[in-house]
Structures are given as C-alpha cells and as structure tokens.
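The structure appears right after this line, and notes come after that.
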Amino acid sequence: GDMLRAAIASHTPVGEKARKAMESGKLVNDELVIDILKQNLNQPRCRRGFILDGFPRTVTQAKKLDAYLAESGTKLDGAIEMKVPIGTITERISGRLIHSRSGRAYHPVFKPPKKPGIDDVTGEQLIKRNDDNPDILRSRFDTFCRMTTPVTEHYAKQNKLASIDGDKPVESVFSDICKYINGS
C-alpha cells in the first residue's frame, strides 16, 4: 500500500497506471504491483535487505516475487505470518486514528497521541478511516484469509514460513520477529 501510494504521488509511469486503475475502481493488477515493487527493490536502501509488509497477498504475486528475486540473484530468506484473533484485530483497527498525510497511526488505548485527536508531529487533526469499522473489517478479514492462506502454504512448502503470535504486547512480538530474522 505505501509503495503504491508513493508511486502514485511521485507520478512515475507505473504510478500513473496505478492511479488510473484505482480511480476507475479497479484493483491494481499483479504485473503493475510487481513493477512498483521492482522499482523499490532496486533502490540503494534495499541493497542490504528489505522487509515487505502485507506483500505478497496472492500466490500469483508470491510466484512473481520468487521469479524476480531469482532473476536478480537474491532470495527470500523467510516469511512471517502474524497470528491475531479477529476480536483483537477489530479492537485495534476500529479505534485506529490516522494522520492522513504521513500515515502515522495512533490508538486511544494502545498508542495514544499526546493530545487527543491531534498528530504528535504536525499538530494536525487525526482522522478515522471510513472502512475501519467492525462490519467492513469482518468482510476484509474474510477476504484477506481466503487470499493469503494459499500464500502462507506456498512459503510453508519452501520451509520459509514462521507463524508469530501477534496477540501479545508489541515488545514481545518484536522480540519474536527479531529471533526469527536472526535465526535464533
């Protein structure tokens, strides 16, 4: 999502294609998503490694990512699946507040802003996304599970999948992820 929004904001050719698709109500196709990913992975900041959050979401994307990495002489070291119950996800997302220009996220319970409803950095008003409500969330979660279960199976078959319990305090989840990344 962040890479897609950045490509659109920077008016790159693939960003313009993505903008047109999104404005017409279509999903951005896998080829375009992979092109945007390739642009980002070729940046100097990714030379020593990278973390993809929320990608790939389909087996087609996973296979295209695998092919691209093989072509470029890189390999995917691993994939992490965060296991979080729908009740916890609903609680976290339905309370989420966003700074629209930066994407910074806050939550009244888990990560409150210093001043209620105000971004800590800019002092601008925080917003609540229209789709951050329990009914829409349930539908999005069902779709997410249907789409990503085959992706987790794809990486499990390659012995690259770690399942992390995401229903713990942030520090503990972070520690578990670091242990996996560092091979402990």
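Below are the figures for this structure:
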| read-out | value |
| --- | --- |
| Which numbered condition Ile164 misses (of (1) modelled with pLDDT of 95 or more; (2) outside any strand (DSSP E or B)) | (2) |
| Number of positions in the range 159-180 that are open to solvent by 100 Å² or more (accessible area, probe 1.4 Å) and of a type in the set (Val, Ile, Thr) | 1 |
| Test: residue in the range 40-57 that is open to solvent by less than 30 Å² (accessible area, probe 1.4 Å), under 30 Å from Asn133 (Cα atoms) and within 17 Å of the chain's Cα centre (by Cα) | yes |
| Test for Leu69: is it free of Cβ contacts under 8 Å to residues at least 24 places away in the same chain and surrounded by 16 or more Cβ atoms within 10 Å (Cβ to Cβ) | no |
| Qualifying residue in the range 80-98 (condition: in a strand (DSSP E or B) and basic (Lys, Arg)) | yes |
| Residue in the range 54-62 that is at negative phi, modelled with pLDDT of 90 or more, of a type in the set (Gly, Ala, Ser) and touching a His at 6+ places or on another chain (Cβ under 8 Å) present | yes |
| Residue match in the range 146-158 (condition: within 14 Å of Glu91 (Cα to Cα), touching a residue at least 12 places away in the same chain (Cβ under 8 Å) and either out of contact with any Pro (no Cβ under 7 Å at 6 or more places or on another chain) or open to solvent by 100 Å² or more (accessible area, probe 1.4 Å) (or both)) | no |
| Residues within the range 58-79 that are part of a loop (DSSP other than H, G, I, E, B) and within 30 Å of Asp135 (Cα to Cα), tallied | 1 |
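Table: residues versus (1) at pLDDT 95 or above; (2) more than 22 Å from the chain's Cα centre (by Cα); (3) exposed (fewer than 11 other Cβ atoms within 10 Å of the Cβ).
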| position | (1), (2), (3) |
| --- | --- |
| Thr74 | no, no, no |
| Asp77 | no, no, yes |
| Ile86 | no, no, no |
| Thr90 | no, no, no |
| Ile93 | no, no, no |
| Arg96 | no, no, no |
| Gly103 | no, no, yes |
| Gly117 | yes, yes, no |
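The values are calculated or read from the model by the stated rules, or taken from the named source; none is laboratory data. Predicted model, so just to flag it, every value in this text is computed and none were measured. A quick note on method: Cβ atoms are made from the backbone with ideal geometry, for glycine too, and the neighbour counts reach across all protein chains shown. These area figures cover heavy atoms from the full protein model, side chains too; ligands, DNA and RNA do not enter into them. Shrake-Rupley method; radii C 1.70, N 1.55, O 1.52, S 1.80 Å.
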